[in-house]
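The values are calculated or read from the model by the stated rules, or taken from the named source; none is laboratory data. All figures in this text were calculated on a predicted structure; none of them were measured in a lab. Neighbour counts run over all protein chains shown; Cβ positions are idealised from the backbone, glycine included. Calculation scope for accessible area: heavy atoms of the full protein, side chains included, ligands and nucleic acids excluded. Shrake-Rupley method; radii C 1.70, N 1.55, O 1.52, S 1.80 Å.
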Amino acid sequence: MYRMFIILLYSCLFCAVSPTHIKGKFTTQEFFKFLVKFGFQKTDIHFQKETYGYIFGNLTSNQNFKYPITFAVLDRPHFLHYYKSRDIVDKEIACQVMFQQLNATAYHPKCNTFGQDIFRRIPCPKDKFCVDEDSPWNVIKNNQFTYVIKNNGQPRFWYVSMVACYLDEDTCTWHHYSGAPSPDNKTLTNMPQTIQYDFWLVNGSPNLSVYNSMLYQFSFDRQNTLELYLLFWLCYIILLPVQIYAVRTQRHPVTKLFTSSLVLEFVALCFNVLHTVKFAADGVGFAGLAVAGDILDIMSRTLFMLLLLLLAKGWAVTRLELTYKPLVFGVWMVYGIVHILLYVWNTTEVDIIEEIDEYQTWPGWLVLTLRVAIMTWFILELRNTMMYEHNMPKLNFLLHFGASSLVWFVYLPIIALIALQISPLWRFKFILGITYSADCLAFCVMAHLLWPTRSEQYLLLAPSDYTAGIEELDEFNESPHVVHSDTVALTTVESINADDEDVIFTRPHKNGTIFS
């Protein structure tokens, strides 16, 4: 399991991320490159200038281009046909098909003077504005281009891309830019050319970013996540020391396993907080920490699930010996590996254009199916354990434990179904908030149930040198004909042998196990 975690962690370091500060290179040999999807918030009618979305930066090259290629910023309705047509094998035809629906929409000083400002002809002249910037006062200082995004109706996603297509200004038709110009500057060769890009996408005015630093760098669907992370980080920073005190007071396998799960969750949350705080400052963050935090979060939940299964089977409560160990640990490992694979799949294989979350993919449905199957198994094991237990403190523990655990098991399939009806602009925040709330509540309840002064009533706390005797008593304790009682201080049982001479007195122990 540890090796699998390391391999997946390294592979995820190369997963696609969506920072708001985008830097890189584009070559004409690639033909098309999708750069980022970003949600711009609704423009505030009272403070429009401050709430505009902005895209600004530099698009330069050290090479001479015979024709300028295209940098496009499109909303979803305009983007879908344009994006799907990029895979046409004949790139000359691909350019014509991609832009056929945009010709009447996009502004061009010669071909369409009434269109929208959605294209930039690139590369921009070095140390100068892009040729399409006809209002220099509108360009953010030290940048070559600026888009101002205004969503009057509601927040929307906008999609940024580059494509090796150029517009012939004489015929107003689109053509494929195949490479560098020939020595006579009359034709194009197949030699690729490169453009360096460095730009930002932000919600709010760059000149007033200090006033909305919690929202400025974030896509609309990720806004307020920093506040969520900080809120739960504060909860865990209170809960974790309390639980560490509990595990030091009562050194028991159950409390140790629970504390390990809690520590993993706290470390994961610390990683996510660090990444998000830095992201709010520079639009990049720590991508590696974010990946590690997400995987540690998954491992924490799977470890917590293992604890629930062990307790449902009565381990350390009604018996010390665990039955069907290979099955229990096998199911636990399969669920953990599949859940991590789902995370990798969601970040590497799911097209970012698709407005779906991780639980709307086939690995996501597999994880939910496994979770429901494990929940069913949990209920059956808990029912079986409770049938053979007659000690009231233990039964009360199992009853409260079962009710809270079922809520934890069932919340994820429910929110996955509810999320189908929620807009992608709010879906990530909804799932994140419910997930962290449910996990935090489950940890708090478990810490309460396993508090030393309470758990000593139902956990088997035998000394290490008395295991053989406890195993014998445990087998006797599991027998269905044994009836325990805590209300009777002394029970006298008269047993007479064949000669009617032997009498045996027995006294029940406070936890219900009968000693003679």
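Of the residues contained in region 425-441, none is found to be open to solvent by 30 Å² or more (accessible area, probe 1.4 Å), touching a helix residue (DSSP H, G or I) at 6+ places or on another chain (Cβ under 7 Å), more than 27 Å from residue 268 (Cβ to Cβ) and not small (Gly, Ala, Ser).
Modelled with pLDDT of 95 or more and in contact with a helix residue (DSSP H, G or I) (Cβ under 7 Å, 6 or more places away or on another chain): is that true of residue 32 in this structure? Considered against the rule, which asks whether it is modelled with pLDDT of 95 or more and in contact with a helix residue (DSSP H, G or I) (Cβ under 7 Å, 6 or more places away or on another chain), residue 32 comes out as yes.
Just one of the listed residues (406, 417, 382) is over 21 Å from residue 254 (Cβ atoms), part of a helix (DSSP H, G or I), open to solvent by 10 Å² or more (accessible area, probe 1.4 Å) and not hydroxyl-bearing (Ser, Thr, Tyr), and it is 417.
The number of residues in region 244-275 being over 16 Å from residue 436 (Cα atoms) and in a helix (DSSP H, G or I) comes to 16. Does residue 372 count as exposed (fewer than 15 other Cβ atoms within 10 Å of the Cβ), within 28 Å of residue 258 (Cβ to Cβ) and within 29 Å of the chain's Cα centre (by Cα)? It is true that residue 372 is exposed (fewer than 15 other Cβ atoms within 10 Å of the Cβ), within 28 Å of residue 258 (Cβ to Cβ) and within 29 Å of the chain's Cα centre (by Cα). Criterion first (of a type in the set (A, V, I, L, M), under 22 Å from residue 269 (Cβ atoms) and either at pLDDT 90 or above or surrounded by fewer than 16 Cβ atoms within 10 Å (Cβ to Cβ) (or both)) does residue 412 satisfy it? For residue 412, the condition - of a type in the set (A, V, I, L, M), under 22 Å from residue 269 (Cβ atoms) and either at pLDDT 90 or above or surrounded by fewer than 16 Cβ atoms within 10 Å (Cβ to Cβ) (or both) - is met.
Here's the yes/no breakdown for (1) under 24 Å from residue 23 (Cβ atoms); (2) without any contact (Cβ under 8 Å) to a residue 12 or more places away in the chain:
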{"site": "97", "(1), (2)": "no, no"}
{"site": "103", "(1), (2)": "no, no"}
{"site": "106", "(1), (2)": "no, no"}
{"site": "110", "(1), (2)": "no, no"}
{"site": "115", "(1), (2)": "no, yes"}
{"site": "128", "(1), (2)": "yes, no"}
{"site": "144", "(1), (2)": "yes, no"}
{"site": "148", "(1), (2)": "yes, no"}
{"site": "163", "(1), (2)": "yes, no"}
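Can you report the number of residues in region 132-168 which are within 26 Å of residue 29 (Cα to Cα) and part of a loop (DSSP other than H, G, I, E, B)? Result for region 132-168: 3. When residues in region 84-131 are screened for being open to solvent by 40 Å² or more (accessible area, probe 1.4 Å), touching a Pro at 6+ places or on another chain (Cβ under 7 Å) and assigned to a strand (DSSP E or B), 1 of them pass.
Could you pull out the residue among 240, 231, 257 that is under 19 Å from the mean Cα position of the chain (by Cα), open to solvent by 10 Å² or more (accessible area, probe 1.4 Å) and free of Cβ contacts under 8 Å to residues at least 60 places away in the same chain?
On the way: 240 fails: under 19 Å from the mean Cα position of the chain (by Cα); 257 fails: under 19 Å from the mean Cα position of the chain (by Cα).
Being under 19 Å from the mean Cα position of the chain (by Cα), open to solvent by 10 Å² or more (accessible area, probe 1.4 Å) and free of Cβ contacts under 8 Å to residues at least 60 places away in the same chain holds for just one of 240, 231, 257, which is 231.
For region 405-426, a tally of residues being of a type outside the set (Gly, Ala, Ser) and closer than 23 Å to residue 444 by Cβ returns 10.
Within region 46-63, the set of residues being open to solvent by 30 Å² or more (accessible area, probe 1.4 Å), out of contact with any Pro (no Cβ under 7 Å at 6 or more places or on another chain) and in contact (Cβ under 8 Å) with a residue 12 or more places away in the chain comprises 48, 49, 50, 52, 58, 62, 63. Screening region 303-331 for residues that are assigned to a helix (DSSP H, G or I) and among the small types (Gly, Ala, Ser) and picking the one that is most open to solvent (accessible area, probe 1.4 Å) gives 330.
Residues are listed down the side, and each one gets a yes or a no for (1) within 26 Å of residue 85 (Cβ to Cβ); (2) open to solvent by 50 Å² or more (accessible area, probe 1.4 Å); (3) modelled with pLDDT of 90 or more:
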{"position": "145", "(1), (2), (3)": "yes, no, yes"}
{"position": "150", "(1), (2), (3)": "no, yes, no"}
{"position": "154", "(1), (2), (3)": "no, yes, no"}
{"position": "162", "(1), (2), (3)": "yes, no, yes"}
{"position": "167", "(1), (2), (3)": "yes, no, yes"}
{"position": "179", "(1), (2), (3)": "yes, no, no"}
{"position": "183", "(1), (2), (3)": "no, yes, no"}
{"position": "188", "(1), (2), (3)": "yes, no, no"}
{"position": "202", "(1), (2), (3)": "no, no, yes"}
